[in-house]
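The values are calculated or read from the model by the stated rules, or taken from the named source; none is laboratory data. This structure is a prediction, so every number in the text was calculated from the model and none was measured. Because the Cβ atoms are built from the backbone with ideal geometry, glycine has one as well, and the counts that use them run over all protein chains shown.
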Amino acid sequence: MSKKRRGKHIPQRTCVGCHRTLPKRQLVRLVRTPEGVRVDLTGRQPGRGAYLHDRRACWEQALKRGTLARALRVELTEDDLTRLRAFMAVLPDDEDDSSDPHAA
């Protein structure tokens, strides 16, 4: 009896901004560190993590609603917010990307 080969497991994560579940590699990880909240582009830094799309709208929603702070179980400081907004400023707007599979 032969075993069926399964496809490679792809870890899924949920964006805390829009709550869509996507492959982990398609999202940006943020991590809570002793020095504050940082963007973890490697996805391997130690600490509690949360995930966001690389779209400005998701970041704005997560900061506005407080879902990022809740997911990281931390109160965001002014330094954290300044650092996150600086990163968010270089992200594309949703309207600029027609390749989003969830766009209507």
Restricting attention to segment 58-98, the residues that are part of a loop (DSSP other than H, G, I, E, B), hydrophobic (A, V, I, L, M, F, W, C) and either in contact with a Phe, Trp or Tyr (Cβ under 8 Å, 6 or more places away or on another chain) or over 15 Å from residue 28 (Cα atoms) (or both) number exactly 3
Working carefully through the options 48, 44, find the one that is surrounded by fewer than 19 Cβ atoms within 10 Å (Cβ to Cβ) and modelled with pLDDT under 95.
-> 44
Are there any pairs, at least 6 apart or on different chains, whose C-beta atoms fall under 9 Å, with the first in segment 28-52 and on the phi > 0 side of the Ramachandran plot and touching a residue at least 40 places away in the same chain (Cβ under 8 Å) and the second surrounded by fewer than 16 Cβ atoms within 10 Å (Cβ to Cβ) and of a type in the set (D, E, K, R), and if so, which?
-> 36/79
